[in-house]
Amino acid sequence: MIIAIFLGGFFEITCAMITAMRTVQIRIVSAARIMGVKGWKLFLEVHLPASLLSLLPTLRVSVGYCWRALVGAEMLCAMIEWGLGKMIYEARFWNDVSVMFAGLIVIGVLGVIIDRLLLQRLETKTVVKWGMVKNR
């Protein structure tokens, strides 16, 4: 299950991170280097904040992919004792459509909650706070 979740988001996040790092303006990096910023400090204080604007939307989509991979992995590994995937899989086996739809609704609601409570707050505390975009 962990490998399925990892593969669900790793490659997209990696490609987005590489692309986001390439979009950082060379003037900003040069100014930081002139001020003596080097190594990890350059990455953490210049590259990462400057690339968050293009990285955060990809992160939000990737969390959705990882969430979907988690439920799919639970359904594939239906031998586990509990989980939403197990519940949906067993309901499918017994043709209990109401439980299947209830499980799907719970998955959707949990996905929205994760997006709104975690990722939207991260976006507000970084990108909006730094003035890169306006608050919605």
- Query: Does at least one position in region 29-41 carry a residue that is within 25 Å of residue 112 (Cβ to Cβ) and either out of contact with any Cys (no Cβ under 6 Å at 6 or more places or on another chain) or hydrophobic (A, V, I, L, M, F, W, C) (or both)?
  - Reply: no
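Collect the residues in region 93-108 that are in a helix (DSSP H, G or I) and either more than 28 Å from residue 61 (Cα to Cα) or free of Cβ contacts under 8 Å to residues at least 24 places away in the same chain (or both), keeping them in residue-number order. Please lay out each step first, then the result.
Keep residues of region 93-108 that are in a helix (DSSP H, G or I), which gives 93, 97-108.
Once the filter is applied, which keeps residues that are in a helix (DSSP H, G or I) and either more than 28 Å from residue 61 (Cα to Cα) or free of Cβ contacts under 8 Å to residues at least 24 places away in the same chain (or both), region 93-108 yields 93, 97, 98, 99, 100, 101, 102, 103, 104, 105, 106, 108.
Could you say which residue among 31, 78, 73 is at pLDDT 80 or above, of a type in the set (Gly, Ala, Ser) and surrounded by 11 or more Cβ atoms within 10 Å (Cβ to Cβ)?
On the way: 78 fails: at pLDDT 80 or above; 73 fails: at pLDDT 80 or above.
Answer to the selection: 31.
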- Query: If residue 136 satisfies every condition in (1) surrounded by fewer than 12 Cβ atoms within 10 Å (Cβ to Cβ); (2) modelled with pLDDT of 75 or more; (3) charged (D, E, K, R) but one, which is the exception?
  - Reply: (2)
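The values are calculated or read from the model by the stated rules, or taken from the named source; none is laboratory data. Model, not experiment: these values are computed from the prediction. Every residue, glycine as well, gets a Cβ built from its backbone with ideal geometry; the counts of neighbours run over all protein chains shown.
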